[in-house]
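Reading through the structure tokens given below for one structure.
Every number in this text was worked out from the coordinates using simple rules, so none of it is lab data. Owing to the predicted nature of the structure, the values given are computational and were not obtained by experimental measurement. Quick reminder, even Gly has a Cβ in these numbers, built from the backbone with ideal geometry, and neighbours come from all protein chains shown.
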Amino acid sequence: MLTESRRIVPLEEGTLERSGRIDADGLVAAVSYGGGDPELDVVAVVQHERLDYQHAPGRKAKYLESTMLAEADTVRDIIATEVRRALR
């Protein structure tokens, strides 16, 4: 998810792209942008939600949502593998 979303996250200076991260704790994992910086967190949300913003070619809003939808089968398989591993 992180690798694929970085390919389409809005890009001006690269700050938002570099802030992408994965947080995982046991069976819970999240991909996010903003890195906990309050100002950059707001930028990440606004850039994700505002469909009327213009972006560089190949970059777009809904960068996490569209990646999750496109990679749903892969994410499902990863989750299933981890659940099976945890149940052993």
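For the range 2-86, how big is Rg over Rh, using alpha carbon atoms and the Kirkwood form of Rh? Show your work: numbers first, answer last.
Values: Rg = 13.9 Å, Rh = 13.7 Å.
For the range 2-86, the value is 1.01.
By how many nm would the segment from ALA29 to THR81 lengthen if fully extended, with 0.36 nm per residue of separation less the alpha-carbon distance?
Values: separation 52, 0.36 × 52 = 18.72 nm, distance 1.39 nm.
The span from ALA29 to THR81 would gain 17.3 nm if fully extended.
Among THR15, THR3, which comes first, then next, by fewest other beta-carbon atoms within 10 Å? Could you put the intermediate results ahead of the total?
Values: THR15 15, THR3 11.
Ascending Cβ contact count within 10 Å gives the list THR3, THR15.
Sort out the exposed loop GluC sites (Glu not before Pro) in the chain (DSSP loop, at most 16 other Cβ within 10 Å) and tell me the longest stretch that has none.
Counting at most 16 other Cβ atoms within 10 Å as exposed, the longest clean stretch of the chain is 14-70.
Can you sort ARG88, ARG59, ARG21, ARG76 from fewest to most other Cβ atoms within 10 Å of each residue's own Cβ?
Details: ARG88 4, ARG59 18, ARG21 13, ARG76 10.
Sorted ascending by nearby Cβ count, the order is ARG88, ARG76, ARG21, ARG59.
Report relative contact order for the chain in percent, whole number only (criteria: Cα-Cα under 8 Å, sequence separation at least 6). Provide the component values of the computation, followed by the final result.
On the way: 94 pairs, mean separation 26.5, N = 88.
Computed value for the chain: 30 percent relative contact order.
If you filter the range 1-79 for chymotrypsin sites (Phe, Trp or Tyr not before Pro), then keep DSSP loop positions with at most 13 other Cβ within 10 Å, what is left? Write down the numbers at each step before the final one.
Working: sites: TYR33, TYR53, TYR63; in loops: TYR33, TYR53.
Hits after loop and neighbour filter: TYR53.
Once the Cα atoms of helix 38-49 and of the chain are each reduced to a long axis, what angle between those two axes, in degrees from 0 to 90 to the nearest 10, is obtained?
90
In nm, what is the difference between 0.36 nm times the number of residues separating ASP41 and ARG88 and their Cα-Cα distance? Please list the in-between numbers first.
On the way: separation 47, 0.36 × 47 = 16.92 nm, distance 3.78 nm.
Net length gain for the segment: 13.1 nm.
So, in nm, how far is label LEU51 from label MET68 when the simple model puts each one 7 Å beyond its Cα toward the Cβ?
1.7
Cα centroids of the range 46-81 and the range 30-45: how far apart, whole angstrom?
Rounded to whole Å, the Cα centres lie 15 Å apart.
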